[in-house]
1. If you take the square roots of the eigenvalues of the alpha-carbon gyration tensor of chain A and sort them as a ≥ b ≥ c, do you get rounded (a/c under 1.5), prolate (a/b over b/c) or oblate?
2. If you place +1 on the Cβ of every Lys and Arg and -1 on the Cβ of every Asp and Glu, how big does the dipole about the Cα centre of the protein assembly as shown come out, in debye to the nearest 20?
3. So what's the gap between the Cα centers of the range B:39-87 and the range A:139-155, to the nearest angstrom?
4. Skipping prolines and chain starts, which residues have an amide H placed within reach, meaning under 5 Å, of the one on A:Leu62, given they are 5 or more residues away or on another chain?
5. On average, how many beta carbons from a partner chain sit within 10 Å of the beta carbon of a residue in B:54-62?
6. Specify which residue in the list A:Gly134, A:Met123, A:Ala83 is farthest towards the positive end of the charge dipole of the range A:5-160, using unit charges on the beta carbon of Lys, Arg (+1) and Asp, Glu (-1), about the Cα centre.
7. So if I place +1 on the C-beta of Lys and Arg and -1 on the C-beta of Asp and Glu, and nothing else carries charge, what would the dipole magnitude of the range A:179-222 be about its Cα centre? I want it in debye, nearest 20.
8. Excluding B:Arg80 itself, calculate the net charge of residues whose Cβ lies under 13 Å from the Cβ of B:Arg80, where each Lys or Arg counts +1 and each Asp or Glu counts -1.
Amino acid sequence: MANLQEKIAKQFAGTPIAVDNSGMPQLTVENGAWHDTALVLRDTIGMDYLVTIVGIDRGETLGCIYYMMSSTTGETCSVRVDAVPDRETPHIPSVADVWRIAEIYEREVYDFYGIIFIGNQDMRRLFLNIDWKGYPLRKDYNDDPALNPVSTENERQSDNTDVYSLDENGKVVKKERAIFQPDDFVVNIGPQHPATHGVLRFRTAVDGETIKKIDVYMGYIHRGVEKLCESLQYPQTLHFMDRLDYFSAQNYHHGLALLYEKAAGIEVPRRAQVIRVMMDELSRIASHCLFMGTYCMDLGATTMLFYTLRVREQILDIFEKTCGARMTFNYPCIGGVMQDLHPDFVKDVKELLAVIPANIKEYNKIFTGNVIAKNRMEGVGVLSKEDAISYGVTGPSGRASGWACDIRKLLPYSIYSELDFEEITRTEGDSMARFKVRLDEIEQSARILEQLVDNIPDGDYCAKVPKVLKLPQGEWFQMVEGCRGVFGVYLNSDGGNKPYRLKLATPCIALAAVVDHITTGNKIADLITIGGSLDYIVPDMDR
Amino acid sequence: MPYEAWKDNEYIENLVKELQESGTNVIVGTFDKLINWGRSNSIWPLTFATSCCGIEFVSLGAARFDMARFGWEVARSSPRQADFMMVAGTIVNRMVPVFRRLYDQLAEPKYVIACGSCAISGGPFRNSYHVAKGIEDIVPVDVFVPGCPPRPEAMIYGIMQLSRKIKVEKFFGGVNRQESRKEFLQTHPID
């Protein structure tokens with residue numbers, strides 16, 4: 001980290017560099033200079049992966065904090081940019097041409113805060129419909145249901161998007177741009193479609209059977225979790241993590257708990273850390289098992305689901321004995337875990353580990369070597385490493401493109417640095433690679449479990465935590481590896497017992513954003529293959 | 001399942017009583033029983049899931065909970081081929097028109113199960129700016145299955161309650177629950 005700070009200080013002499021509470025260097029950049037600075041950061045400093053853009057309402061002003069990471073070294077830094085001139089028409093230069101994923105992140109900030117990004121070619125609302133009144137995450141948002149009623153009337157559609165630019169007087173000028181070409185044949189897929197894995201909607205321009213462009217619509221399950229968190233006390237915010245990516249419930253809980261512990265300075269007992277890591281890996285296996293089942297079902301192989309769910313049910317039984325629930329566990333808490341392990345836990349995990357190798361062999365026999373599967377998956381939806389980084393595609397999908405983006409290796413948290421496991425990467429970047437990476441990750445997760453199952457230390461399962469937790473003023477950021485990619489949490493505390501701003505940077509939004517890029521030129525039937533292999537979870541992207 | 005193990009017996013009995021009060025013909029009544037026997041044992045769900053509850057619905061379809069035992073395994077992707085809709089997950093403002101349209105597209109006779117606390121009341125997201133506070137304001141609901149998410153067993157129980165309701169319905173003549181839907185549609189018109 002110190003190395004990075006020196007590098008930045010050398011490059012940007014004269015710019016104020018602070019260090020935030022997580023020990024991450026934070027630059028404050030003038031609004032006008034932001035685009036040029038972003039280019040320097042990417043090309044000279046090596047910050048080629050944009051983790052997230054956090055919009056924030058500071059009362060007087062609105063602003064953004066950009067979190068970025070080097071894709072090779074895992075060095076992280078953040079940049080603070082304030083929107084000018086006022087709350088009426090706040091604007092910031094767009095960096096969508098620097099990091100491709102910024103386009104959709106900027107749309108998200110625009111949706112929540114009304115900050116206009118000058119130069120972004122697609123400045124529409126992302127989650128809320130186009131007639132929504134107000135910007136919900138602003139502190140002065142009027143949440144009167146009469147303004148935005150629940151209505152069965154179809155939402156208004158528009159074929160145009162807005163592009164904003166600045167004129168010579170510095171005033172914001174709005175221009176309309178058509179999303180599709182006038183002679184495009186546009187097919188609507190979703191939001192109710194069995195292959196979109198939830199309620200995602202694609203407007204697909206096709207030429208015969210070939211996809212020309214996909215316009216992704218999100219927000220059909222946008223539940224406003226970030227706003228809800230602002231009115232809840234810290235321990236209460238944890239339970240939402242179960243309901244974002246419900247397969248990574250343990251991992252997301254772990255991430256948010258780590259963040260709060262870092263902010264409060266709580267030391268987690270060793271036993272709790274081991275339990276958490278074991279739960280993370282168990283849920284990773286369960287998640288990948290369900291992925292394989294549903295993915296093969298998308299491709300027409302129904303049988304696979306019954307085989308993969310067998311292992312998943314076995315894991316859910318382990319969870320149920322200890323956590324008391326099959327899906328929404330609410331198990332890791334601030335300072336440790338909610339309750340101690342069930343006496344059968346070690347025995348059950350050993351039974352599970354005994355059957356996993358045979359099961360993987362079976363999966364390979366049923367599906368991986370199958371001629372139809374090979375024809376449908378190999379070479380379909382190729383994502384290059386550069387694009388994976390630029391689009392922020394992390395997790396197994398990013399690793400299938402050759403980008404070693406595992407946070408467990410890059411920025412080890414909890415006890416991961418002591419564990420012996422391999423990071424699976426492949427170079428093909430196609431749907432088959434994404435499938436195989438997940439299959440191999442099950443083996444690695446099982447390896448981690450094997451190392452830990454006999455070495456669960458005795459001791460407390462939870463540290464002493466004050467009943468009403470108040471965090472000091474400041475900013476924190478924490479990343480963990482979910483089952484689908486990097487899950488980042490940003491916390492801004494004003495010293496009270498509720499978060500001032502809690503931003504959940506989820507991996508699936510990038511997975512959905514990249515769909516347009518990798519499906520263009522493929523056949524429409526391949527959309528199902530590609531979408532399935534990316535394995536996005538819609539409530540995770542919509543939050 | 002033994003009679004004592006059911007809950008809501010009183011409700012079903014009242015329904016039966018209400019139906020019997022209007023009287024029925026012996027032949028028509030027998031036909032009703034025959035048809036309802038067939039219908040209640042082959043209710044097909046619509047594949048409709050917005051969030052977590054949908055995954056438990058997947059588990060319900062797999063080998064362990066095996067809803068094929070009851071004749072529910074034919075999950076249809078098109079509402080036109082489905083009998084009932086298992087609303088598994090949160091319904092948010094933007095989804096409401098889509099959801100309502102799906103309901104309108106279901107072929108009569110149609111049923112709705114509100115599955116999970118989000119569909120019942122908005123659940124943990126009730127205070128959000130972008131969540132419908134229960135689906136009862138949008139479509140008429142036949143069975144509520146509480147839980148977050150409900151266990152597959154609870155879902156089985158919920159769908160079994162639905163087939164009990166179907167069994168006492170009258171298809172030919174007499175008053176049946178279609179009336180209450182008509183009333184509902186008058187107050188919540190299709191646009």
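1. Oblate is the answer for chain A, as a/c is 1.5 or above yet b/c matches or exceeds a/b.
2. Computed charge dipole of the protein assembly as shown: roughly 1020 debye.
3. After rounding, the separation between the Cα centres reads 32 Å.
4. A:Ala83
5. 5
6. A:Ala83
7. For the range A:179-222, the charge dipole is close to 200 debye.
8. Cβ neighbours under 13 Å give a net charge of 0.
Every read-out reported here was derived from the displayed coordinates using simple, explicitly stated rules and does not represent laboratory data. Note that the structure is predicted; figures quoted are calculated from it, not measured. When we count neighbours, we look across all protein chains shown, and the Cβ atoms used for this are built from the backbone with ideal geometry, even at glycine.
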